[in-house]
Amino acid sequence: MLNPVAAVGRAVLSACREVGALALFALEALSHLLRPPFYGRLFLRHLVEIAYFSLPVVALTAIFTGMVLALQSYTGFARFNAEGAVANVVVLSITRELGPVIASLMVAGRIGASFAAEIGTMRVTDQIDALTTLSTNPMKYLVAPRLLAGVLALPFLVLVADILGVMGGWLIGTTKLGFGSTGYLKATMDFLEVMDVVSGLVKAAAFGFVITLMGCWCGYNSKGGAQGVGAATTTAVVASSILILALDYILTEMFFAQ
Amino acid sequence: MKDDVPKIRLRGLSKAFGEKRVLDGVDLDIRAGHGMVILGGSGSGKSVTIKCVLGLIAPDAGTIEIDGRDVLAMNRREREELNDRIGMLFQNGALFDSLPVWENVCFKLLAQKRITRRAARDKAAEVLAQVGLAASVGDLSPAELSGGMQKRVGLARAIAAQPDIIFFDEPTTGLDPIMGAVIDGLIVDVVKRLGATAVSITHDMASARRIGDDAAMLHKGRIVWTGAAAALGNTGNALVDQFARGEREGPIQMELRR
Ligand SMILES: Nc1ncnc2c1ncn2[C@@H]1O[C@H](COP(=O)(O)OP(=O)(O)O)[C@@H](O)[C@H]1O
Ligand SMILES: [Mg+2]
C-alpha cells in the first residue's frame, strides 16, 4: 500500500484529472459567453469591483516599485558610469514585467480570494443548487461574467500601473538622483517601444483570466462548510499567484525569444 | 394525463459517496396533486433523494420518471424545461444573500423573462403577502431576517413561479412549534391553490400529518414503508412506529459508537 512508486503515480493521475477538469470548467464558462442570456448587470458589477476598487492598491504598489527600481538601478549603473540608463531600465522593466506581474499579484490577493469565498459560500449553503432550480445556469450566472470582467479589467489596471510606475521612477530620478525632468521623460519615451506595452497588456489579460478562473474554480468546488471555504480561498490565491509567475515566463519566452 | 401514472416514480435509485452507500435501491411512487411526506433519520439520504430528482446529484443506478418520462435520459434543454415547472425550498433556505428579498422571490420569474424588473417588486409584494409577510420585507437583505422569516421567503421563492411540483426540505426544522404550524398551514394552502404535487421531508410527526396525504419511510437506503400520513404512529410497522413516537427502544438502533 505504501509503495512510493504507486503513490507518485496516484499523485500524477489525480493532478492530470484535476487539470482536465479545470480545462473543461474553463471551456464551459467561455462557451456561456457566446450564448444568451447574458448577465450584463453582473458583468458591470464585477468590472467595477475589479477595475475600480483595485485602483488604490495597484497604484500604490506601482509607484513604489518604480521608485525603488530607479534607486536600485542608479546604484548599480553608477559602478559602470552608466547612470543615464536609469530611465530606460525603469520603463522597460515596468512595462514588460513588473507592471503586469505586480498588479496581477495584488489583484490575485483581492479578487481571487473574494471570488473563491463568495462562490464557495454559495456552494456550501446550497445557493448554487438553488440557482439551478430557479431556471438559471450557475456557470453562466456566476462564472462567465467574472471571467470576462477579469480579462478586460486587468489590462486597464496594468496600463495605470505602467504610467504610475514610470512616474515613480521619474519622481526619484528628478528629486534624488539629479536628472532633469524633460531629459528623463525624453529618455523614457525614446526608449519605449509599442511592443513593450502591448506585450504587458496581453500578459495582463491572461493573468486576469487565471485569477478569476482560479477564484471561481476553487469556490465552485469547495465543500465542507466554513473550513472548506477558507481552504478554497487560500488555494485560489496561492495557485493563481504561482500560475501568474509561471505564465509570465512562458509569455515572455513567446514575445521576446530570438 | 392518466390517473394511474404517478407524478414521480423512482425505481432502484442508488447513490454512494465514496465507500458510503447512501441510497441503496429506493422505489417510490408519488401521486399527482397529493402531498407526500418522506420520513427518515438524520443522514438517511432524504435530501440526496430529492437532489437526485432535481438533477443536482447524478444517481449511480436506478430510474427517475416524472409524468412518465425518464428524466435521466433527458438532454440539457429538456431538463431545464422540466426544472422550470419545479419549485424547491432548501433545508437551510439557500436565499441569495447578495440580493434583496424581492429579487430572491421573483428570481425565477425574472430568469424566465416572464416579468420585468419594474413589475417584479409588486409581484414580490403579492407573493410575500401570501406567506404572511409585509411588502416592506422585500427591501431587506436575507441576512436581516429571522429564521422563520427566511423560511417564509424561501417558501415564497419556491412558489412564485407557480410550479406544479414543489419540494420542501425540512420546512419546519429549527422553528418554534407555532411558527412550524404556520408554515405547514402556508404549505397546505399554496399547494391546494396551485394544485401542485408536494414532496416534503420532515422529522416532525405533527407536521407530517398536517402536510402529507401519503408518507414513506427511508431507512438504510431503502423505502421500508409507505402508507397514509394520517396513520403515522400506529401503522403496525415497528420501524415507522418507533420513529413516529420517538422511542429509544425498537428496531432502529442509533449508531452512536462504532
Ligand atoms: N455531496 C455530498 N458528498 C458527500 N457526501 C454527501 C453529499 N451529500 C450528502 N452526503 C452524505 O449523504 C448522507 C445523507 O445526506 P442527506 O441526504 O443530506 O441526509 P438527510 O436525510 O438528513 O437529508 C450523509 O451522510 C451525508 O454526509
Ligand atoms: Mg437533509
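The values are calculated or read from the model by the stated rules, or taken from the named source; none is laboratory data. What you see is a predicted model; the values in this text were computed from it and never measured. With ideal geometry, Cβ positions are generated from the backbone for all residues, glycine too; neighbour counts draw on all protein chains shown. Surface areas here come from the heavy atoms of the whole protein model, side chains and all, with no ligands, DNA or RNA. Shrake-Rupley method; radii C 1.70, N 1.55, O 1.52, S 1.80 Å.
For region B:227-247, indicate whether the set of residues that are open to solvent by less than 20 Å² (accessible area, probe 1.4 Å), acidic (Asp, Glu) and closer than 30 Å to B:ALA125 by Cα is non-empty. Scanning region B:227-247 turns up no residue that is open to solvent by less than 20 Å² (accessible area, probe 1.4 Å), acidic (Asp, Glu) and closer than 30 Å to B:ALA125 by Cα. The criterion of being away from ligand 1 (no atom under 16 Å from the Cβ), within 14 Å of chain A (Cβ to nearest Cβ), at negative phi and crowded, with 18+ Cβ neighbours inside 10 Å holds for B:ALA160.
Checked against the criterion of being touching a Ser or Thr at 6+ places or on another chain (Cβ under 8 Å) and either more than 12 Å from ligand 1 (Cβ to nearest atom) or among the hydroxyl-bearing types (Ser, Thr, Tyr) (or both), region B:47-58 has at least one qualifying residue. Pairing each residue of region B:90-110 that is in a helix (DSSP H, G or I) with any residue that is of a type outside the set (A, V, I, L, M), provided the two are 6+ apart or on different chains, yields C-beta distances under 6 Å for B:VAL101/B:GLY138; B:TRP102/B:ARG121; B:TRP102/B:GLY138; B:ASN104/B:PHE96; B:ASN104/B:ARG157; B:VAL105/B:ARG157; B:LYS108/A:SER135. In this structure, does B:SER98 turn out to be touching a His at 6+ places or on another chain (Cβ under 7 Å) and either modelled with pLDDT of 90 or more or within 16 Å of ligand 2 (Cβ to nearest atom) (or both)? When the stated conditions are applied, B:SER98 does not pass them. From the list B:ARG121, B:ARG117, B:ARG69, the one residue that fits, being of a type in the set (Lys, Arg), assigned by TED's automatic domain parsing to the domain that holds B:LEU39, away from ligand 1 (no atom under 16 Å from the Cβ) and over 30 Å from A:GLY225 (Cβ atoms), is B:ARG69. The set of residues from region A:93-152 being part of a helix (DSSP H, G or I), among the polar types (S, T, N, Q) and open to solvent by 10 Å² or more (accessible area, probe 1.4 Å) comprises A:SER93, A:SER114, A:THR121, A:THR132. Within region B:1-30, the set of residues being within 16 Å of ligand 1 (Cβ to nearest atom) and either more than 13 Å from B:GLY62 (Cα to Cα) or among the β-branched types (Val, Ile, Thr) (or both) comprises B:PHE17, B:GLY18, B:GLU19, B:LYS20, B:ARG21, B:VAL22, B:VAL26. If you take the residues of region B:85-143 that are of a type in the set (D, E, K, R), away from chain A (no Cβ under 14 Å) and buried (at least 16 other Cβ atoms within 10 Å of the Cβ), which of them is farthest from B:LYS7 (Cα to Cα)? Applying the filter and picking the extreme gives B:ARG121. Here B:GLY40, B:GLY33 are screened, and the one residue that is under 22 Å from B:SER207 (Cβ atoms) and within 14 Å of ligand 1 (Cβ to nearest atom) is B:GLY40.
Is it true that some residue in region B:170-192 is crowded, with 20+ Cβ neighbours inside 10 Å and on the phi > 0 side of the Ramachandran plot? The answer is yes; a qualifying residue exists. Only one of these is within 25 Å of A:LYS140 (Cα to Cα), β-branched (Val, Ile, Thr) and open to solvent by 30 Å² or more (accessible area, probe 1.4 Å): A:VAL229, A:VAL198, A:VAL237. Name it. Just a single option satisfies the conditions, and that option is A:VAL237. Applying a threshold of 9 Å to beta carbon distances and a minimum spacing of six or more residues, or different chains, the list of pairs starting in region A:1-23 at a residue that is in a helix (DSSP H, G or I) and ending at one that is aliphatic (A, V, I, L, M) reads A:LEU22/A:LEU213; A:LEU22/A:MET214. Tell me whether region B:15-30 contains one or more residues that are modelled with pLDDT of 90 or more, surrounded by fewer than 18 Cβ atoms within 10 Å (Cβ to Cβ), away from chain A (no Cβ under 14 Å) and within 16 Å of ligand 2 (Cβ to nearest atom). Among the residues of region B:15-30, at least one is modelled with pLDDT of 90 or more, surrounded by fewer than 18 Cβ atoms within 10 Å (Cβ to Cβ), away from chain A (no Cβ under 14 Å) and within 16 Å of ligand 2 (Cβ to nearest atom), which makes the answer yes. Take region A:1-51 and flag every residue that is of a type outside the set (A, V, I, L, M, F, W, C) and open to solvent by 70 Å² or more (accessible area, probe 1.4 Å). Within region A:1-51, A:ASN3, A:PRO4, A:ARG10, A:ARG17, A:GLU18, A:ARG35, A:PRO36, A:ARG41, A:ARG45 meet the criteria.
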